[in-house]
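Chemist: Encoded as structure tokens, here's the structure I'll be asking about.
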């Protein structure tokens with residue numbers, strides 16, 4: 001690795017000018033590399049992303065971009081040991097680096113899997129169509145398409161890989177290019193991974209650019225199509241959010257800031273119990289993982305006032321077992337802070353907190369370090385503070401020491417616990433250790449407005465729980481107020497941040513042709529041959545099969561009841577219908593659906609491989625003996641599927657709209673069914 005980091009801009013690796021910003025080993029203080037961004041042409045960089053990367057990504061469908069993410073995740077997974085080796089120099093242990101490295105790659109995999117919930121198109125339909133006219137000839141829908149700008153990601157020092165990949169996962173799947181600006185403290189880790197990504201040629205050119213230095217001026221040339229995401233301190237984020245380029249162009253600015261996250265011990269949890277031990281272990285893990293340098297780390301600990309001594313004693317014993325030192329030394333469980341300046345910053349914040357708190361455990365100066373020189377590295381021992389009057393001395397709810405530091409505080413009742421937790425003015429996450437659902441419900445209802453996530457911790461979920469400090473790809477990561485007011489991840493929610501939602505209006509046929517999804521009320525040309533005889537490529541959106549008719553009999557209902565064991569009174573006992581919506585014995589809803597399938601299915605072997613499932617189904621009108629029903633089967637949507645290997649059958653998923661109607665042409669049932677259908681390309685290859 002060169003001692004001079006390069007920026008990757010406009011398709012080339014560019015060294016920084018001048019001496020640059022030095023990056024030091026957190027363990028021994030030796031120079032790792034230098035980085036810089038002075039003199040870079042950010043206007044050209046953003047233009048390149050918009051004109052080269054954006055169009056290339058937008059040519060791809062969601063399915064294609066999802067497969068691209070999967071390929072990238074598989075590739076990086078093969079390279080990851082080199083990232084672990086370098087990550088030790090940031091002060092991280094192997095377990096700490098797992099969060100950053102495997103966690104980041106795992107997020108790529110998770111977002112790649114989301115392609116299965118997205119269409120094989122370049123657009124995404126959001127929600128359901130809105131009927132805007134009496135006769136149904138004028139409707140509206142919400143369409144989401146990739147923005148034509150660039151996502152600028154400004155990341156924090158604590159997760160140089162996860163912070164980058166979790167944001168890239170969403171914008172790349174959405175179809176938007178990115179310029180990544182990692183912290184200049186640890187950008188050496190981001191650079192080595194980006195070098196591998198670029199060398200792999202998995203991403204189209206212009207989809208990813210990298211700025212390793214301070215990035216001053218990177219937000220000066222924004223336009224209305226761009227998006228900015230920021231992770232870091234609340235003060236810095238607020239300054240960036242107020243920039244004229246953000247305000248003038250109404251640029252979406254997603255902020256995820258460090259917050260004073262809390263954990264609460266429920267009054268039902270007794271010392272010595274399993275849940276009590278889980279509570280203590282969660283605190284120890286969150287105080288020592290990444291040496292406390294996590295935006296989700298537990299900073300405030302609230303316990304019933306009659307248990308504060310028990311918690312302090314037990315937690316102090318656990319923290320005393322934490323071995324501090326070079327993470328490559330056997331037996332070390334906690335490494336160093338990321339840098340000497342960070343070490344000094346944490347110390348200053350602890351000294352401020354000590355103005356109204358006492359030292360319950362730890363020492364700012366007297367502690368042992370294994371395998372390293374304490375004076376050369378950025379080591380900091382676990383510190384547990386205690387504030388016995390948290391309602392009076394509120395600096396605990398305002399000052400954050402971004403290291404292995406937390407404050408223990410008592411509460412008298414649930415209302416006070418909630419009030420104290422909410423004094424954090426907005427947090428990413430809080431945890432409550434309890435098995436009492438009433439306590440948990442009240443806490444969630446009153447604390448949720450101040451939190452992005454709440455974990456209920458107890459023995460029942462502990463075995464598989466990912467813990468307090470682990471943002472999950474399918475759940476939102478962010479929080480209100482001090483935490484920044486933004487959201488990241490959250491599954492499909494995450495990609496919508498990079499899409500423009502636009503309402504489209506018109507005739508159902510036109511909207512169906514635009515979106516390639518059949519809209520109710522649109523043209524339904526009658527199929528000349530049975531649709532089940534057609535291959536995936538040959539099926540046309542909107543083509544419809546109208547079936548023969550069937551007159552319902554009481555025998556139909558009785559036989560279905562006997563076959564299924566569904567003897568619900570409305571189907572079998574006409575004497576029990578008083579006070580119900582039914583006039584007489586009524587057909588089972590699932591009989592209607594089953595009968596419909598029997599009416600529209602083509603029995604001979606053909607391109608249809610199997611029934612893949614049922615997405616939605618409603619029974620809209622009672623069906624009585626003597627009524628005559630028919631079915632309209634319409635091609636609603638087609639989603640191509642990738643081949644898992646060379647032996648896999650080329651195929652796709654077809655969504656069919658099933659409308660069951662009676663002799664008055666009124667709908668009695670409506671459903672969307674899915675089938676797996678062969679592609680004709682299998683025969684041509």
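A short reminder: the numbers here are calculations on the coordinates, not readings from a lab. Remember, predicted model here, so these are calculated numbers, not experimental data. Here the Cβ is made from the backbone with ideal geometry for all residues, glycine too, and neighbour counts use every protein chain on show.
Chemist: For segment 524-684, just the Cα atoms, rotate onto the principal axes and tell me the three extents in Å, largest first.
Modeler: 61, 31, 24
Chemist: Semi-axes, largest first, in whole Å: what does sqrt of 5 times each Cα gyration tensor eigenvalue give for the chain?
Modeler: Sorted largest first and rounded, they come to 53, 34, 22 Å.
Chemist: What FRET efficiency comes out for residue 374 versus residue 85 if R0 is 25 angstrom and r is the Cβ-Cβ distance? Round to the nearest 0.05.
Modeler: 0.60
Chemist: Continuing with this model, one more query. Say each of residue 38 and residue 285 gets a label point 7 Å from the Cα, pointing the same way as Cα to Cβ; how far apart are those two points in nm?
Modeler: 4.5
Chemist: Looking at the chain only, what percent of DSSP beta bridges run antiparallel? Nearest 5 please.
Modeler: Close to 60 percent.
Chemist: Measure nothing but the geometry: give the 0 to 90° angle between the long axis through the Cα atoms of 274-288 and the longest principal axis through the Cα atoms of the chain, rounded to 10°.
Modeler: The two axes meet at around 60 degrees.
Chemist: Enter the Cα centre distance for the pair segment 147-195 and segment 79-118, rounded to the nearest angstrom.
Modeler: The two parts, judged by their Cα centres, are 13 Å apart.
Chemist: So, one more: When the Cα centres of segment 332-375 and segment 233-311 are compared, how far apart do they sit, in Å?
Modeler: About 19 Å separates the Cα centre of segment 332-375 from the one of segment 233-311.
Chemist: Need one number: nm distance between label points at residue 364 and residue 561, each 7 Å from Cα along Cα→Cβ, rounded to one decimal.
Modeler: About 8.1 nm separates the two model spin labels.
Chemist: Would you mind ranking 123, 13 so that the residue whose beta carbon has the fewest other beta carbons within 10 Å leads the list?
Modeler: Exposure proxy ranking, most exposed first: 13, 123.
Chemist: Next question, about the same structure. Could you calculate, for segment 139-234, the ratio of the Cα radius of gyration to the Kirkwood radius, expressed as Rg to Rh?
Modeler: Using only Cα positions, Rg/Rh for segment 139-234 is 1.01.
Chemist: On average, how much area does the Cα convex hull of segment 74-148 cover when viewed from any direction, in nm²?
Modeler: Across all orientations, segment 74-148 yields a mean hull projection of 8.4 nm².
Chemist: Given the peptides 139-147, 652-660, arrange them by the average over their residues of other C-beta atoms within 10 Å, most packed first.
Modeler: Ranked from most to least packed, the peptides come out as 652-660, 139-147.
Chemist: When only Cα pairs under 8 Å and 6 or more residues apart are kept, what is the percent relative contact order across segment 1-147?
Modeler: 20
Chemist: Continuing with this model, one more query. Apply 1/(1 + (r/R0)^6) to the Cβ-Cβ distance of residue 646 and residue 474, taking R0 = 30 Å, and write down the FRET efficiency to the nearest 0.05.
Modeler: For residue 646 and residue 474, the calculated efficiency is 0.45.
Chemist: Further question: Give me the Kirkwood hydrodynamic radius of segment 200-301 in Å, from all C-alpha pairs, to one decimal place?
Modeler: 17.4
Chemist: Which whole-number percentage describes the relative contact order of the chain, with Cα contacts under 8 Å and a sequence gap of 6 or more?
Modeler: This gives 12 percent for the chain.
Chemist: Could you give P(r) for segment 261-481, binned at 5 Å from zero, as whole percent values over all Cα-Cα pairs?
Modeler: P(r) over segment 261-481, rounded to whole percents: 1, 7, 16, 19, 21, 16, 11, 6, 2, 0, 0.
Chemist: Given points 7 Å out from each Cα along the Cα-Cβ axis, report the residue 128 to residue 74 separation in nanometres with one decimal.
Modeler: 3.9
Chemist: Remind me, relative contact order of segment 524-684 in percent, using alpha carbon pairs under 8 angstrom and six or more residues apart?
Modeler: 28
Chemist: On a 0 to 90 degree scale, rounded to 10, what angle separates helix 187-200 from the longest Cα axis of the chain?
Modeler: Taking Cα atoms only, the helix is inclined about 40 degrees.
Chemist: Here's a follow-up. For segment 261-481, what proportion of DSSP beta bridges, expressed in % and rounded to the nearest 5, is antiparallel?
Modeler: In segment 261-481, approximately 10 percent of DSSP beta bridges are antiparallel ones.
Chemist: Also, I was wondering about something else. Gain in length, residue 614 to residue 504, computed as 0.36 nm per residue apart minus the alpha-carbon separation, to one decimal in nm?
Modeler: 36.9 nm
Chemist: Equivalent ellipsoid semi-axes for segment 314-418, as square roots of 5 times the alpha carbon gyration tensor eigenvalues: give them largest first, rounded to whole Å.
Modeler: 28, 15, 10
Chemist: At 1.306 mPa s and 10 °C, plugging the Kirkwood radius over alpha-carbon pairs of segment 433-569 into Stokes-Einstein gives what diffusion coefficient in µm²/s?
Modeler: Calculated translational D: 73 µm²/s.
Chemist: Follow-up. Regarding segment 194-256, what are the three Cα extents along the principal axes, ordered largest first, in Å?
Modeler: 38, 25, 19
Chemist: A further question follows. What's the center-to-center distance, using Cα atoms, between segment 498-566 and segment 591-608 in Å?
Modeler: Taking the Cα centre of each part, segment 498-566 and segment 591-608 sit 13 Å apart.
Chemist: Then there's this: From the alpha carbon gyration tensor of segment 276-348, can you work out the equivalent ellipsoid semi-axes (sqrt of 5 times each eigenvalue) and give them in Å, largest to smallest?
Modeler: Computed over segment 276-348, the values are 24, 16, 10 Å.
Chemist: Report, to two decimal places, the Cα Rg of segment 1-112 normalised by 2.2 N^0.38 Å (N = number of residues).
Modeler: Computed over Cα atoms of segment 1-112, the ratio equals 1.31.
Chemist: Quick one: helix 340-353 against the long Cα principal axis of the chain, what's the angle to the nearest 10°, folded into 0 to 90?
Modeler: It works out to around 90 degrees.
Chemist: In addition: Once Rh is set to the Kirkwood radius over Cα pairs, what Stokes-Einstein translational diffusion coefficient, in µm²/s, holds for segment 604-685 at a temperature of 20 °C and a viscosity of 1.002 mPa s?
Modeler: Reported coefficient: 146 µm²/s.
Chemist: What percentage of all Cα-Cα pairs in segment 243-390 are separated by more than 27 Å?
Modeler: Counting pairs separated by more than 27 Å, the tail of P(r) holds 32 percent.
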